[in-house]
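Beneath this line is the structure, given in C-alpha cells, with notes to follow.
The values are calculated or read from the model by the stated rules, or taken from the named source; none is laboratory data. Because the structure is predicted, anything quoted here is derived from the model rather than measured. FYI the Cβ positions are ideal-geometry reconstructions off the backbone, even for glycines, and counts take in every protein chain you see. Side chains included, ligands, DNA and RNA excluded: accessible areas come from the protein's heavy atoms. Shrake-Rupley method; radii C 1.70, N 1.55, O 1.52, S 1.80 Å.
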Amino acid sequence: MAANVAKGEALQVLRSLIREFRHVKPDTSPRNLMAYNYVIEKYKENHVTQDQVCRPRNAMLHNAQTYLCLLQSTRECEELQNVYRRGERSVEESAQLVGLALPKPPTNS
C-alpha cells in the first residue's frame, strides 16, 4: 500500500515538473529540454524493481520535490519582479489605487 502511495506521489511530482518545464520554454516541447531528459533518466534509474531497490527509499522523490519547488519559486519570483519592476507609484496613482482622490490645489482668483 505504501509503495502505491509513493508511486502516485512520484507520478504527481513528475507531472508538475513537466508543467513547470512548459513555463520555462513555452514555445518548445519539454522533451527538447536537457532538464526534462535528465529528470526522466533519474526517474527510470530509481524505478524500484524486484532486483533493484533505491538506496534511501524516497530519495528520488525528495530530490524531485525539491527541484519542483525551485522551479516554481523561480517562476513566481520572476512574475513578481515583472509586476514591481517599474518602481514606485506616484502619490496620485497610489491614491487612485485605494479609491481616493487628492484635493485639488486652490486657484488664485
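In this structure, does T28 turn out to be loosely packed, with under 12 Cβ neighbours inside 10 Å, hydroxyl-bearing (S, T, Y), modelled with pLDDT of 85 or more and not in a helix (DSSP H, G or I)? Here the answer is yes, as T28 does meet what is asked. Summed over the range 83-109, the residues that are of a type in the set (S, T, N, Q) and open to solvent by 100 Å² or more (accessible area, probe 1.4 Å) give a count of 4. A Cβ distance below 6 Å, combined with a sequence gap of six or more or placement on separate chains, defines the contacts here; from the range 63-74, residues that are surrounded by 17 or more Cβ atoms within 10 Å (Cβ to Cβ) reach residues that are assigned to a helix (DSSP H, G or I) and of a type in the set (G, A, S) in the pairs L68/S16.
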